[in-house]
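What follows is a short report on a single structure.
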Amino acid sequence: MATVEFLAGQFVCHTGDSLLVPVLTNDTYEASAAYLCRHTGFGGSVPPAPSSTSLGRFTNAAAMLRGPAALRRGKPDQRAFQILHAVAIPNYTVWSIVYDLPRGRIHFHTTADRTLRRVDLGDFDFDCARPGRLLDLATHCKGHAAGRFVDYTTELNRALVRGTFAHYRDAKFIELPQPVQEHLAAIPSRCPARPPPREPLVQPASSTRQEECRMQLQRSRSLPKFALAMIYVAYTLAVLSFVYIVAAFRLHDGEGRRSRATP
(Lines give C-alpha, C1' and ligand atoms only; values in the text may rest on other atoms or scores of the structure.)
Protein backbone atom coordinates (compact mmCIF):
# COMPACT_ATOMS: atom_id res chain seq x y z
CA MET A 1 0.00 0.00 0.00
CA ALA A 2 1.11 3.53 -0.65
CA THR A 3 -0.03 7.13 -0.90
CA VAL A 4 0.98 9.09 -3.99
CA GLU A 5 1.11 12.89 -4.10
CA PHE A 6 2.49 15.51 -6.46
CA LEU A 7 3.54 18.50 -4.39
CA ALA A 8 5.15 21.57 -5.97
CA GLY A 9 5.93 19.51 -9.04
CA GLN A 10 7.58 16.74 -7.03
CA PHE A 11 6.49 13.10 -6.74
CA VAL A 12 5.95 12.16 -3.08
CA CYS A 13 5.19 8.60 -1.99
CA HIS A 14 4.66 7.13 1.48
CA THR A 15 4.86 3.37 1.87
CA GLY A 16 6.27 0.80 4.27
CA ASP A 17 7.49 2.37 7.51
CA SER A 18 6.67 5.88 6.27
CA LEU A 19 2.99 4.95 5.83
CA LEU A 20 1.53 5.41 9.29
CA VAL A 21 -2.01 4.55 8.15
CA PRO A 22 -3.32 3.85 4.62
CA VAL A 23 -5.54 6.94 4.51
CA LEU A 24 -5.46 10.14 2.47
CA THR A 25 -7.90 13.07 2.40
CA ASN A 26 -7.43 16.62 1.10
CA ASP A 27 -4.29 17.67 2.98
CA THR A 28 -0.75 16.47 2.44
CA TYR A 29 0.05 13.14 4.04
CA GLU A 30 2.81 14.72 6.13
CA ALA A 31 0.46 17.34 7.60
CA SER A 32 -2.27 14.73 8.16
CA ALA A 33 0.09 12.31 9.93
CA ALA A 34 1.39 15.09 12.18
CA TYR A 35 -2.18 16.03 13.12
CA LEU A 36 -3.06 12.36 13.71
CA CYS A 37 -0.22 11.92 16.21
CA ARG A 38 -1.93 14.39 18.55
CA HIS A 39 -4.77 11.91 19.12
CA THR A 40 -5.22 8.92 21.39
CA GLY A 41 -4.16 5.64 19.89
CA PHE A 42 -1.50 7.40 17.84
CA GLY A 43 0.75 8.85 20.55
CA GLY A 44 -1.37 11.84 21.61
CA SER A 45 -4.00 12.59 24.22
CA VAL A 46 -6.82 14.19 22.18
CA PRO A 47 -9.71 11.80 21.47
CA PRO A 48 -10.91 11.72 17.85
CA ALA A 49 -14.16 13.61 17.32
CA PRO A 50 -16.58 13.95 14.39
CA SER A 51 -15.35 16.57 11.97
CA SER A 52 -15.92 17.72 8.40
CA THR A 53 -12.41 19.12 8.00
CA SER A 54 -9.84 17.26 5.96
CA LEU A 55 -7.54 16.64 8.93
CA GLY A 56 -10.45 15.57 11.13
CA ARG A 57 -11.73 13.14 8.51
CA PHE A 58 -8.24 11.71 8.13
CA THR A 59 -8.06 11.11 11.88
CA ASN A 60 -11.51 9.50 12.06
CA ALA A 61 -10.79 7.17 9.14
CA ALA A 62 -7.47 6.17 10.70
CA ALA A 63 -9.17 5.54 14.05
CA MET A 64 -11.77 3.30 12.38
CA LEU A 65 -9.03 1.30 10.68
CA ARG A 66 -7.28 0.84 14.05
CA GLY A 67 -10.54 0.23 15.95
CA PRO A 68 -11.54 -2.88 17.93
CA ALA A 69 -11.62 -6.18 16.06
CA ALA A 70 -15.42 -6.29 16.34
CA LEU A 71 -15.64 -3.12 14.29
CA ARG A 72 -13.40 -4.59 11.58
CA ARG A 73 -15.55 -7.62 10.86
CA GLY A 74 -17.46 -8.07 7.62
CA LYS A 75 -16.51 -8.03 3.98
CA PRO A 76 -13.70 -5.62 3.08
CA ASP A 77 -15.85 -3.68 0.59
CA GLN A 78 -18.65 -3.27 3.14
CA ARG A 79 -16.15 -2.11 5.76
CA ALA A 80 -14.66 0.38 3.28
CA PHE A 81 -18.09 1.89 2.65
CA GLN A 82 -18.71 2.18 6.40
CA ILE A 83 -15.57 4.28 6.73
CA LEU A 84 -16.42 6.40 3.68
CA HIS A 85 -19.92 7.05 5.02
CA ALA A 86 -18.52 8.02 8.43
CA VAL A 87 -16.21 10.66 6.96
CA ALA A 88 -18.51 11.92 4.18
CA ILE A 89 -19.29 15.65 4.18
CA PRO A 90 -23.05 16.40 4.10
CA ASN A 91 -24.12 18.35 1.01
CA TYR A 92 -20.62 18.04 -0.46
CA THR A 93 -19.85 14.35 -0.94
CA VAL A 94 -21.31 13.37 -4.33
CA TRP A 95 -20.29 9.72 -4.63
CA SER A 96 -18.40 6.98 -2.81
CA ILE A 97 -16.23 4.47 -4.67
CA VAL A 98 -14.42 1.34 -3.45
CA TYR A 99 -11.80 -0.32 -5.66
CA ASP A 100 -11.39 -4.09 -5.21
CA LEU A 101 -8.00 -4.46 -6.89
CA PRO A 102 -7.52 -8.26 -6.55
CA ARG A 103 -10.87 -8.89 -8.26
CA GLY A 104 -10.64 -6.04 -10.74
CA ARG A 105 -13.98 -4.72 -9.48
CA ILE A 106 -15.30 -1.24 -8.68
CA HIS A 107 -18.19 -0.65 -6.26
CA PHE A 108 -19.91 2.72 -6.12
CA HIS A 109 -23.02 4.66 -5.21
CA THR A 110 -23.99 8.30 -5.27
CA THR A 111 -25.40 10.47 -2.53
CA ALA A 112 -28.63 10.89 -4.50
CA ASP A 113 -28.95 7.15 -5.17
CA ARG A 114 -27.52 4.88 -2.46
CA THR A 115 -28.20 1.78 -4.54
CA LEU A 116 -24.90 -0.13 -4.66
CA ARG A 117 -23.58 -0.78 -8.17
CA ARG A 118 -20.45 -2.44 -9.44
CA VAL A 119 -18.32 -2.67 -12.55
CA ASP A 120 -16.14 -5.68 -13.39
CA LEU A 121 -13.17 -4.75 -15.54
CA GLY A 122 -13.28 -8.20 -17.10
CA ASP A 123 -16.54 -7.20 -18.83
CA PHE A 124 -14.72 -4.64 -21.00
CA ASP A 125 -12.59 -4.85 -24.10
CA PHE A 126 -9.57 -2.58 -23.60
CA ASP A 127 -8.45 -2.71 -27.22
CA CYS A 128 -7.36 0.84 -28.05
CA ALA A 129 -8.93 0.50 -31.50
CA ARG A 130 -12.40 0.32 -29.93
CA PRO A 131 -14.30 3.48 -28.91
CA GLY A 132 -14.25 4.68 -25.32
CA ARG A 133 -17.19 3.85 -23.06
CA LEU A 134 -18.83 5.89 -20.32
CA LEU A 135 -21.49 5.69 -17.66
CA ASP A 136 -23.25 8.63 -16.07
CA LEU A 137 -23.03 7.95 -12.34
CA ALA A 138 -26.53 9.36 -11.97
CA THR A 139 -27.91 6.46 -14.03
CA HIS A 140 -30.16 4.35 -11.85
CA CYS A 141 -29.38 0.65 -11.87
CA LYS A 142 -28.61 -2.13 -9.42
CA GLY A 143 -25.80 -4.65 -9.31
CA HIS A 144 -23.80 -5.04 -12.52
CA ALA A 145 -23.58 -1.73 -14.37
CA ALA A 146 -21.43 -2.77 -17.34
CA GLY A 147 -24.50 -3.11 -19.56
CA ARG A 148 -25.42 0.54 -18.99
CA PHE A 149 -22.23 1.92 -20.50
CA VAL A 150 -22.52 3.71 -23.86
CA ASP A 151 -19.98 4.86 -26.45
CA TYR A 152 -18.25 8.10 -25.55
CA THR A 153 -19.06 11.22 -27.56
CA THR A 154 -18.04 14.84 -27.16
CA GLU A 155 -21.73 15.79 -27.00
CA LEU A 156 -22.30 13.57 -23.96
CA ASN A 157 -19.23 14.97 -22.25
CA ARG A 158 -20.31 18.53 -23.08
CA ALA A 159 -23.68 17.92 -21.42
CA LEU A 160 -21.91 16.55 -18.35
CA VAL A 161 -19.53 19.52 -18.12
CA ARG A 162 -22.31 22.10 -18.58
CA GLY A 163 -24.59 20.41 -16.06
CA THR A 164 -21.80 20.12 -13.49
CA PHE A 165 -20.75 23.76 -13.67
CA ALA A 166 -24.36 24.94 -13.75
CA HIS A 167 -24.78 23.19 -10.40
CA TYR A 168 -21.56 24.80 -9.12
CA ARG A 169 -22.78 28.20 -10.32
CA ASP A 170 -26.13 27.86 -8.58
CA ALA A 171 -24.34 26.77 -5.40
CA LYS A 172 -22.15 29.90 -5.71
CA PHE A 173 -19.10 27.68 -5.65
CA ILE A 174 -17.50 28.53 -8.99
CA GLU A 175 -18.61 29.97 -12.33
CA LEU A 176 -16.64 28.96 -15.38
CA PRO A 177 -16.84 30.84 -18.73
CA GLN A 178 -18.40 28.96 -21.63
CA PRO A 179 -15.16 28.87 -23.71
CA VAL A 180 -13.39 27.16 -20.83
CA GLN A 181 -16.23 24.66 -20.49
CA GLU A 182 -15.98 23.92 -24.21
CA HIS A 183 -12.25 23.36 -23.83
CA LEU A 184 -12.84 20.89 -20.99
CA ALA A 185 -15.54 19.06 -22.93
CA ALA A 186 -13.24 18.51 -25.92
CA ILE A 187 -10.15 17.33 -24.03
CA PRO A 188 -10.86 13.56 -24.22
CA SER A 189 -11.43 13.79 -27.98
CA ARG A 190 -8.02 15.43 -28.40
CA CYS A 191 -6.31 12.64 -26.45
CA PRO A 192 -7.21 9.41 -28.28
CA ALA A 193 -6.05 6.13 -26.82
CA ARG A 194 -2.99 4.75 -28.52
CA PRO A 195 -1.75 1.15 -28.36
CA PRO A 196 1.70 0.54 -26.88
CA PRO A 197 4.56 0.52 -29.42
CA ARG A 198 5.24 -2.82 -31.02
CA GLU A 199 7.65 -4.14 -33.65
CA PRO A 200 9.11 -2.28 -35.38
CA LEU A 201 10.06 0.15 -32.64
CA VAL A 202 10.73 2.87 -35.24
CA GLN A 203 7.90 3.32 -37.70
CA PRO A 204 9.09 5.34 -40.74
CA ALA A 205 6.82 8.13 -41.92
CA SER A 206 7.52 7.47 -45.62
CA SER A 207 9.34 5.12 -47.98
CA THR A 208 12.34 7.48 -47.97
CA ARG A 209 12.42 7.48 -44.19
CA GLN A 210 12.08 3.70 -44.24
CA GLU A 211 15.12 3.40 -46.51
CA GLU A 212 17.12 5.72 -44.23
CA CYS A 213 16.24 3.60 -41.22
CA ARG A 214 17.20 0.44 -43.10
CA MET A 215 20.58 1.87 -44.11
CA GLN A 216 21.22 3.12 -40.58
CA LEU A 217 20.42 -0.33 -39.23
CA GLN A 218 22.79 -1.94 -41.73
CA ARG A 219 25.56 0.48 -40.76
CA SER A 220 25.02 -0.25 -37.08
CA ARG A 221 25.19 -3.98 -37.79
CA SER A 222 28.30 -3.67 -39.98
CA LEU A 223 30.14 -1.53 -37.41
CA PRO A 224 31.32 -4.48 -35.26
CA LYS A 225 32.65 -6.28 -38.38
CA PHE A 226 34.46 -3.14 -39.51
CA ALA A 227 35.99 -2.68 -36.05
CA LEU A 228 37.19 -6.29 -36.00
CA ALA A 229 38.73 -5.85 -39.45
CA MET A 230 40.60 -2.74 -38.30
CA ILE A 231 41.87 -4.54 -35.22
CA TYR A 232 43.07 -7.42 -37.39
CA VAL A 233 44.86 -5.02 -39.77
CA ALA A 234 46.50 -3.19 -36.84
CA TYR A 235 47.59 -6.50 -35.32
CA THR A 236 49.04 -7.70 -38.65
CA LEU A 237 50.95 -4.45 -39.12
CA ALA A 238 52.32 -4.70 -35.57
CA VAL A 239 53.52 -8.28 -36.18
CA LEU A 240 55.12 -7.35 -39.52
CA SER A 241 56.84 -4.37 -37.90
CA PHE A 242 58.18 -6.60 -35.12
CA VAL A 243 59.47 -9.16 -37.66
CA TYR A 244 61.10 -6.38 -39.68
CA ILE A 245 62.81 -4.98 -36.57
CA VAL A 246 64.07 -8.43 -35.51
CA ALA A 247 65.32 -9.18 -39.04
CA ALA A 248 67.09 -5.81 -39.28
CA PHE A 249 68.70 -6.34 -35.87
CA ARG A 250 69.95 -9.79 -36.82
CA LEU A 251 71.28 -8.51 -40.15
CA HIS A 252 73.08 -5.66 -38.40
CA ASP A 253 74.47 -8.05 -35.78
CA GLY A 254 75.72 -10.46 -38.48
CA GLU A 255 77.50 -7.74 -40.36
CA GLY A 256 79.14 -6.60 -37.12
CA ARG A 257 80.42 -10.09 -36.38
CA ARG A 258 81.83 -10.48 -39.89
CA SER A 259 83.62 -7.16 -39.65
CA ARG A 260 85.17 -8.14 -36.32
CA ALA A 261 86.32 -11.52 -37.76
CA THR A 262 88.10 -9.90 -40.76
CA PRO A 263 91.92 -9.54 -40.09
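Structure data summary
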| read-out | value |
| --- | --- |
| Residues being modelled with pLDDT of 90 or more and not in a helix (DSSP H, G or I) - total across the range 53-72 | 1 |
| The range 124-136 residues that are on the phi < 0 side of the Ramachandran plot and in a loop (DSSP other than H, G, I, E, B), paired with ones that are surrounded by fewer than 11 Cβ atoms within 10 Å (Cβ to Cβ) and among the charged types (D, E, K, R) (beta carbon under 8 Å, 6 or more apart) | Cys128/Arg194; Pro131/Asp151; Gly132/Asp151 |
| Out of Val4, Val23, sole residue that is under 22 Å from Ala88 (Cα atoms), surrounded by fewer than 13 Cβ atoms within 10 Å (Cβ to Cβ) and modelled with pLDDT of 90 or more | Val4 |
| Residue in the range 145-166 that is part of a helix (DSSP H, G or I), of a type in the set (Asp, Glu) and touching a residue at least 12 places away in the same chain (Cβ under 8 Å) present | no |
| Selection count, the range 88-102, where residues are within 23 Å of the chain's Cα centre (by Cα), surrounded by fewer than 15 Cβ atoms within 10 Å (Cβ to Cβ) and aliphatic (A, V, I, L, M) | 2 |
| Subset tally (residues that are out of contact with any strand residue (DSSP E or B) (no Cβ under 9 Å at 6 or more places or on another chain) and of a type in the set (Ser, Thr, Tyr)) for the range 102-148 | 0 |
| Residue list for the range 7-20, restricted to those being of a type in the set (A, V, I, L, M) and either exposed (fewer than 11 other Cβ atoms within 10 Å of the Cβ) or in a loop (DSSP other than H, G, I, E, B) (or both) | Leu7, Ala8, Leu19, Leu20 |
| Any hit, the range 121-129, residues being more than 25 Å from Leu24 (Cα to Cα) and surrounded by 14 or more Cβ atoms within 10 Å (Cβ to Cβ) | no |
| Top-ranked residue in the range 73-87 [being small (Gly, Ala, Ser) and either under 27 Å from the mean Cα position of the chain (by Cα) or at pLDDT below 90 (or both); ranked as surrounded by the most Cβ atoms within 10 Å (Cβ to Cβ)] | Ala80 |
| Residues (over 29 Å from the mean Cα position of the chain (by Cα) and among the aliphatic types (A, V, I, L, M)) located in the range 160-190 | Ala166, Ala171, Ile174, Leu176 |
| Single residue of the range 103-113 satisfying the filter (modelled with pLDDT of 90 or more and exposed (fewer than 14 other Cβ atoms within 10 Å of the Cβ)) that is farthest from the chain's Cα centre (by Cα) | Arg103 |
| Criterion violated by His167 - all others in (1) at pLDDT 90 or above; (2) farther than 30 Å from Pro22 by Cβ satisfied | (1) |
| Any hit, the range 24-39, residues being within 29 Å of Val119 (Cβ to Cβ), in a loop (DSSP other than H, G, I, E, B) and either touching a Cys at 6+ places or on another chain (Cβ under 6 Å) or of a type in the set (A, V, I, L, M) (or both) | yes |
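The values are calculated or read from the model by the stated rules, or taken from the named source; none is laboratory data. Given the structure is predicted, the values throughout are model-derived calculations rather than measurements. Glycine also receives a Cβ, built like all others from the backbone with ideal geometry; neighbour counts cover every protein chain displayed.
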